[in-house]
Amino acid sequence: MDLISGYRAFLDAGKTERECIREIIRQAESAGYRDIESVESLKAGDKVYAAKYGKSIALFCIGTEPIEKGMNILGAHIDSPRLDIKMKPVYESDGIVYLDTHYYGGIKKYQWVTLPLALHGVVIKKDGTEVRINVGEDDDMAFCISDLLPHMAQEQMKKTAAEVIPGEDLDIMIGLPEADKDEKEGAKKKILAILKELYGIEEDDFLSAEIEAVPAGKAKLMGFDRSMILAYGQDDRVCAYTSLRAMLDAENPKRTTCCLLVDKEEIGSVGSTGMDSVFFENAAAEVLERLSGYDGLKLRRMMSSSYMLSSDVNSAYDPLNASLFDKKNSSMLAGGVVFNKYTGSKGKSGASDANAEFIAKLRAKMDENNVRYQMAEMSKVDIGGGGTIAKYAAYYGMNVIDSGVAVMSMHAPWEITAVKDVESAEACYKAFLSIE
């Protein structure tokens with residue numbers, strides 16, 4: 001499968017972190033990777049992966065050089081803004097049955113109303129049984145959040161965009177069943193009966209569920225010239241997929257290569273599956289143990305001597321909102337892979353700020369491999385910005401820089417990238433993995 005077809009298929013198959021990890025493991029195992037838990041020792045050329053709770057993963061291809069001399073790491077995140085279903089979500093109001101939600105990550109709430117939605121996730125029953133949910137992607141059925149008609153929206157339209165739709169009103173309509181008017185919560189009971197029939201789950205099973213409401217529909221090529229991609233979740237799965245492709249193509253490297261794909265970046269890289277945890281450090285320690293035996297000093301040297309591309313997206317210059325950008329320091333759609341020396345916000349708050357020597361090494365490697373790239377930042381200085389996983393890697397002392405794809409309409413339900421930039425990202429990541 002060619003890169004763009006494969007990327008679109010990956011987006012369609014992975015609308016949640018768990019779905020992404022399942023697809024990543026499938027592809028990795030097809031390329032010869034093994035679960036590190038099944039491996040007792042490692043040598044040059046071996047390929048292993050370590051996963052955490054089905055939401056984060058680190059893949060390693062062992063190099064010929066001693067691993068304490070460092071690794072070449074491609075790091076990206078696989079979570080995206082969405083609506084999470086609450087633990088006690090099902091309720092009825094005047095005959096309509098709803099799911100109560102809690103939004104995840106930075107969204108414009110008004111963008112999520114009147115949009116076809118699908119439900120993806122898992123329900124874990126008390127006996128440990130996992131029930132997978134994937135409903136609403138078919139052409140004949142979906143879910144939706146309603147909105148007020150313009151004829152009655154005079155007061156609503158006076159509000160700021162942040163206030164138009166309160167977070168507590170992002171509730172999803174899931175049914176309008178006919179019920180006895182005298183029966184208390186009769187409509188809700190009928191919907192719960194359908195869930196019981198389809199999935200074998202009770203209302204209390206939502207207490208141990210992780211279900212996400214995401215835009216329904218497949219990734220599409222965009223434009224008469226098919227030069228762009230329109231899809232949900234391209235931040236940051238565009239970098240995750242191209243990093244994975246580069247990693248799976250790497251064979252017999254000199255420096256050990258790694259592809260690190262983590263969760264929770266959109267809410268601060270928190271939790272046991274986020275970058276601000278010891279997941280990656282523990283995975284690296286397991287690799288070291290199987291190579292030469294665990295040694296704390298070797299592990300520190302290994303991490304400190306590594307190079308990393310924090311493969312995350314950058315804001316694409318938008319001609320319709322040009323005043324927000326410093327054009328000469330902006331990333332353009334179809335301008336090539338983006339290197340962002342510092343992310344963060346305003347006075348570089350939350351940035352790792354890459355070293356000039358490392359950038360020079362990357363420039364030389366990109367030119368050597370004819371990779372099209374651009375240097376950019378997110379917006380004008382006082383406008384704002386955002387964080388990535390780069391600062392958590394920099395904690396170990398390794399050289400790291402943000403490097404990814406320019407995205408227009410970032411964090412919207414449907415985001416836009418350029419085909420040429422996706423191709424440039426894969427070429428960049430392949431070249432990077434060969435740096436010595």
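The values are calculated or read from the model by the stated rules, or taken from the named source; none is laboratory data. Worth saying up front: this structure is predicted, and the values here are computed from it rather than measured. We place every Cβ from the backbone using ideal geometry, glycine too, and count neighbours over all the protein chains shown.
Within the range 208-222, residues that are closer than 17 Å to D138 by Cβ sit with their Cβ atoms under 8 Å from residues that are aromatic (F, W, Y), at 6+ positions apart or across chains, in these pairs: A213/F143; V214/Y232; P215/Y232; P215/W414; A216/F143; G217/Y232; A219/Y7; A219/Y232.
Taking the conditions exactly as written (at pLDDT 95 or above, in contact with a helix residue (DSSP H, G or I) (Cβ under 9 Å, 6 or more places away or on another chain) and of a type in the set (S, T, Y)), does S41 satisfy them or not? Spelling it out, S41 is indeed at pLDDT 95 or above, in contact with a helix residue (DSSP H, G or I) (Cβ under 9 Å, 6 or more places away or on another chain) and of a type in the set (S, T, Y). Residues that are surrounded by fewer than 17 Cβ atoms within 10 Å (Cβ to Cβ) and in contact (Cβ under 8 Å) with a residue 60 or more places away in the chain within the range 343-362 comprise just one, K361.
If you scan the range 410-436, which residues turn out to be under 17 Å from the mean Cα position of the chain (by Cα) and assigned to a loop (DSSP other than H, G, I, E, B)? Matches in the range 410-436: M410, H411, A412, P413, W414.
Just checking, how many residues over the range 199-258 are in contact with a Lys or Arg (Cβ under 6 Å, 6 or more places away or on another chain) and either hydrophobic (A, V, I, L, M, F, W, C) or surrounded by fewer than 19 Cβ atoms within 10 Å (Cβ to Cβ) (or both)? Of the residues in that region, 5 qualify.
Residues that are out of contact with any Gly (no Cβ under 9 Å at 6 or more places or on another chain) and more than 26 Å from G54 (Cα to Cα), at least 2 per element: which strands (runs of 3 or more DSSP E) completely within the range 74-129 meet that?
Working: elements: 82-93, 96-104, 117-124.
Result: 82-93.
On the basis of being over 27 Å from T273 (Cα atoms), in a helix (DSSP H, G or I) and of a type in the set (K, R), does K380 make the cut? Against the criterion (over 27 Å from T273 (Cα atoms), in a helix (DSSP H, G or I) and of a type in the set (K, R)), K380 does not qualify. Could you tell me whether any residue of the range 253-266 is within 30 Å of K15 (Cβ to Cβ), touching a residue at least 60 places away in the same chain (Cβ under 8 Å), part of a helix (DSSP H, G or I) and not aromatic (F, W, Y)? Yes, the range 253-266 has at least one match. Within the range 60-75, the set of residues being touching a strand residue (DSSP E or B) at 6+ places or on another chain (Cβ under 6 Å) and more than 28 Å from E17 (Cα to Cα) comprises G63, I67. Within the range 121-158, if we keep just the residues that are under 20 Å from F206 (Cβ atoms) and of a type in the set (S, T, N, Q), the residue that is surrounded by the fewest Cβ atoms within 10 Å (Cβ to Cβ) turns out to be T129. The listed residues are I57, I21, and the only one of them that is in a helix (DSSP H, G or I), under 27 Å from E286 (Cα atoms) and in contact with a strand residue (DSSP E or B) (Cβ under 7 Å, 6 or more places away or on another chain) turns out to be I21.
Within the range 283-300, can one find any residue that is surrounded by 20 or more Cβ atoms within 10 Å (Cβ to Cβ), outside the structural domain of M141 (by TED's automatic domain parsing), part of a loop (DSSP other than H, G, I, E, B) and touching a residue at least 40 places away in the same chain (Cβ under 8 Å)? There is no residue in the range 283-300 that is surrounded by 20 or more Cβ atoms within 10 Å (Cβ to Cβ), outside the structural domain of M141 (by TED's automatic domain parsing), part of a loop (DSSP other than H, G, I, E, B) and touching a residue at least 40 places away in the same chain (Cβ under 8 Å). The listed residues are A431, A412, and the only one of them that is more than 19 Å from L74 (Cβ to Cβ) and out of contact with any strand residue (DSSP E or B) (no Cβ under 6 Å at 6 or more places or on another chain) turns out to be A412. The condition of being touching a residue at least 24 places away in the same chain (Cβ under 8 Å), within 19 Å of A250 (Cβ to Cβ) and outside the structural domain of I145 (by TED's automatic domain parsing) holds for only one of K365, K420, K391, that being K365.
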